[in-house]
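> Next up is a structure, given as structure tokens.
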Amino acid sequence: MTDPAPVVTPAGGLTSAEVATRRAQGLASAAGERTSRPVREILRANIATRFNFILGVLLVVILAAGEPQDALFGIVLVANALIGITQELRAKLTLDRLAVLTAPRIRVVRDGQRHDITVGGLVTGDLVDLRPGDQLVADGVVRTSESLQADESLLTGESEPVDKRAGDRLLSGSFVVAGTGGYQATEVGAEAYARKLAAEARRFTVVRSDLMAGINQILRYVTWAIGPVAVLMLASQLHARDTVREALTGTVAALVGMVPQGLVLLTSIAFGAAAVTLARRRVLVQQLPAVEGLARVDIVCFDKTGTITDGTIAFERLVPLDGSRPAGQALGALAGDGNANATLAAIGQAFPAPAGWQRQDAVPFSSARKWSAASFAGQGTWVLGAPEMVLPAGPREPLAQAASLAASGRRVVLLAHTGSPLAGDVLPPGLRPVALISLTERLRPDAAATVAYLAAQGVALKLISGDSPHTVSAVAAQVGLPRTGAPVDARELPDDPDALGAVLAGNAVFGRVAPHQKRAMVTALQARGHTVAMTGDGINDVLALKLADIGIAMGSGAPATKAVAELVLLDNEFATLPGVVAEGRRVTANIERVANLFVTKTVWSTLLAVAVAVTLLPYPFLPRHLTIIDTLAIGVPAFFLALAPNRRRYRPGFVGRVLTFAIPAGAVIAGATFAAYAVARAGGLPLAQQRTAAALVTLALSLCVLIMLALPLTWQRIVLVGAMVAGFALLFPVPAVRAFYALELPRGGLGVIALITVLGAAALAVIWLRAGRPGSRQPEPGLQ
């Protein structure tokens, strides 16, 4: 049994009463844009983690068998979750508010009038107007078509536009590339074929994050180690302690020390804070890991129009080639198209529509064809487009004149005439050149500085445009684009990915690039190991933006372009890009810096636990001691360091660098702590003094690690480190505080303990230098 055909909506559209009824029946789209994960996912991500589970179990054990003071890590556990939830909710509110302000709107016919509505307001049966660049947000049936063409490549993989005539099906997830028309929405919201391209493109973590992958790898190592160490510690503590309660307390202390509690939290906070910072700069981050992705980008492919230029086009002059033809009237008639692109609109301001020219047939402009055409009663057929595309085998003189004009940076189009009628979207025969039209584009005043900054940061630039290679080359020279090779005509590019990659590696300027070639270029660069960012604003950029590692759309771009991009520059300012790159690098460098802190602590905690278990000694810390060290030497400083300025360039190999420093540094701290503990035990000091001696050495060396990772020391960082030292010192003067934390300064062996600390600090300095000075940064050239 087949589904009944949908009821045909009248040409005047639905009435307000019909719309209200369909909303009440649940037939509305009601699917808002999602730039961040829902609240329930934020709560789950910050609460239901493997380490929260481990710490929660340990907290229950301490509350049941230990002293309340040793449950202080539970406060840290709850605080970490609350801080993470609060920070991410703040980021979510900021991004969602920005998304609402910039959400795409659609044009529908209701009550006989056209209205702009939000996507979520669409209901089944609505009549929707379509123009080039519109993305389809519901499935439907074409009602009217004026040379309407849809690109369904994001659904089918086929890059060729599909002609759509009245009665044809349209699927959500496709977008209009040429022509105009209207369609009746038949399936909306969850019933639509692709459930809105924008919602699918804006999933929270689609972008691959090297940082998150590296951190997850480190966490897996820790998870594997916790089980065996727990068994070993419990067995040894039962042997070394007088009671089961003491054995459980020592085991819990060892395991709490192994857990890098704040690492994932600070990563989320850093991403969220970066997104909020960029939002203040009018950059909409549609996937938070894209902030990190920009730091990894080593090639930026960008279009000329709307990126290097501000997108405004102005008519400059008409160069007649055939004075017997009414070029001015023909241009005015062509520009009278309601579907005029920017070039035709500029021409239309110079040449008003003539009287008596009756349009009979038309072919809208397509970035793939690079020409448009129309036939008029009694006037023949006129074609306007790229000279070499309109006259692929025509006389050489007009093409030479066009090349000469283009070499000065002007956009040049050719007007041609023929008496033959149009027959589909192929050039009619018998075309003869009538005139050349030169147009100018205004360069963005900050384009040169932006190009210089990216080049200074080691980012290769590829200028890719549909315009003449001569025009693109001239513009590239005006903005100081580092030149590599000669300008390339994309019509001569090879199809083979390897050969294409070789051409891209040796050249920086490409003209007459077709949409499918932009996609091929991105893929070829990625195949050669590059991380590629693609900027664009037109519908011809959609495929490349979708495939690029980071897609960057202009705020004035087509809805489909903004839907697939990870970042949207809402102010259309190319100069915003350096700030975005810098923000990504700040996040990656700072997360690596604090990862060194957390992983070093995990290493020394693990090694110390194994050493104590093997020697059958009581564990040298109570859980409350580790809470002090965690808070003063790691947790609080890491929070500030994660959000501090940092311009260090991204370098691959995050996990390897962290482990190269953290494993030897952690081994030194574990060895020094165990030595201090052993000296105190050998001296016959009370257990409280033994533990305090171990805590003093551990905290001192942890602060040494903090200072090394915080270099260069600004006054703010000096104050931070000083505050942490003062915080520890203030635990001793008040007897009640000292008793609460079970601290008692050792009365003997302080000289040996101090020597151990100094030797440990020296060893840490050597490790820091040999590991390439992790955490330090060098001044970067370019914009500040």
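> Pop the C-beta distance of Ala765 and Ala24 into the FRET formula with R0 = 56 Å and round what comes out to the nearest 0.05.
Values: r = 72 Å, r/R0 = 1.28.
Result of the calculation: an efficiency of 0.20.
> Still on this model: Using only the alpha carbons of region 394-457, what is the convex hull's orientation-averaged projected area in square nanometres? Please list the in-between numbers first.
On the way: hull surface 27.9 nm².
Result: a mean projected hull area of 7.0 nm².
> Keeping all protein chains in position, work out how much accessible area Tyr221 exposes to a 1.4 Å probe, and write it in Å² to the nearest 10.
The value for Tyr221 is about 90 Å².
> Per q in 0.05, 0.10, 0.11 1/Å, what log10 I(q)/I(0) does a Debye calculation on the alpha-carbon atoms of the chain return?
So the normalised log intensities are -0.37, -1.01, -1.13.
> Students often check this: by mean Cβ neighbours within 10 Å, which of 544-554, 680-690 ranks highest, and how do the rest follow?
Ranked from most to least packed, the peptides come out as 544-554, 680-690.
> Work from the charge dipole of region 213-354 (Cβ charges, +1 for Lys and Arg, -1 for Asp and Glu, about the Cα centre) and give the residue of Pro260, Gly306, Thr243 farthest towards its positive end.
Of the listed residues, the answer is Thr243.
> Using a probe radius of 1.4 Å on heavy atoms only, what accessible surface per residue do you get for the chain? Whole Å² is fine.
With all protein chains present, the chain gives 40 Å² per residue.
> R0 = 60 Å: FRET efficiency of Ala682 with Val39, Cβ-based, nearest 0.05?
Plugging the Cβ-Cβ distance into 1/(1 + (r/R0)^6) gives 0.60.
> When the accessible area of the chain is computed with all protein chains present and a 1.4 Å probe, what percentage of it is carbon and sulfur?
60 percent
> Something else about it: Taking the Cα centre of the chain as the origin, how large is its charge dipole in debye, to the nearest 20, when only Lys and Arg (+1) and Asp and Glu (-1) carry charge on their Cβ atoms?
Here the size comes out at about 2160 debye.
> Let me ask you something else. What's the ranking of 109-116, 406-413, 358-365 by average number of surrounding C-beta atoms within 10 Å, highest first? If you can, show how the numbers build up before the last one.
Values: 109-116: 13.5, 406-413: 21.5, 358-365: 17.5.
Listed from highest to lowest mean packing, they are 406-413, 358-365, 109-116.
> Which percent, to the nearest 5, of DSSP beta bridges fully inside the chain are antiparallel?
75 percent
> Using 18 Å as the Cα-Cα cut-off, could you pick out the over-long pairs in Lys370/Lys462; Lys304/Lys518; Lys370/Lys562; Lys304/Lys462; Lys164/Lys518?
Flagged as over cut-off: Lys370/Lys462; Lys370/Lys562; Lys164/Lys518.
> Compute the long axis of helix 654-682 from its Cα atoms, compare it with the longest principal axis of the Cα atoms of the chain, and write down the angle in degrees, 0 to 90, nearest 10.
Result, in degrees: 10.
> Nearest 0.05, what FRET efficiency do Glu397 and Ala423 give at R0 = 22 Å with Cβ-Cβ as r?
0.20
> Report the normalised scattering of region 273-410 as log10 I(q)/I(0) at q = 0.22 Å⁻¹, calculated by the Debye formula with identical scatterers on the alpha carbons.
Here the Debye-derived log intensity ratios amount to -1.55.
> So, with +1 on the Cβ of K and R and -1 on the Cβ of D and E, and no other charges, what is the size of the charge dipole of region 565-631 about its Cα centre, to the nearest 20 debye? Each step should come with its number before you reach the end.
Working: 5 positive and 6 negative charges, 99 e Å.
Using only the charged Cβ atoms, the result is roughly 480 debye.
> Using only the Cα atoms of region 664-784, construct the convex hull and provide its projected area averaged over every direction, in square nanometres to one decimal. Could the numbers behind the result be given before it?
Numbers: hull surface 35.9 nm².
Directional mean of the projected Cα hull area for region 664-784 stands at 9.0 nm².
The values are calculated or read from the model by the stated rules, or taken from the named source; none is laboratory data. Just so it is clear, the structure is predicted and the values come from calculations on it, not from any experiment. So basically every Cβ, Gly included, is an ideal-geometry build from the backbone, and we count neighbours across all protein chains shown. For accessibility, only protein heavy atoms count, side chains too; no ligands or nucleic acids. Shrake-Rupley method; radii C 1.70, N 1.55, O 1.52, S 1.80 Å.
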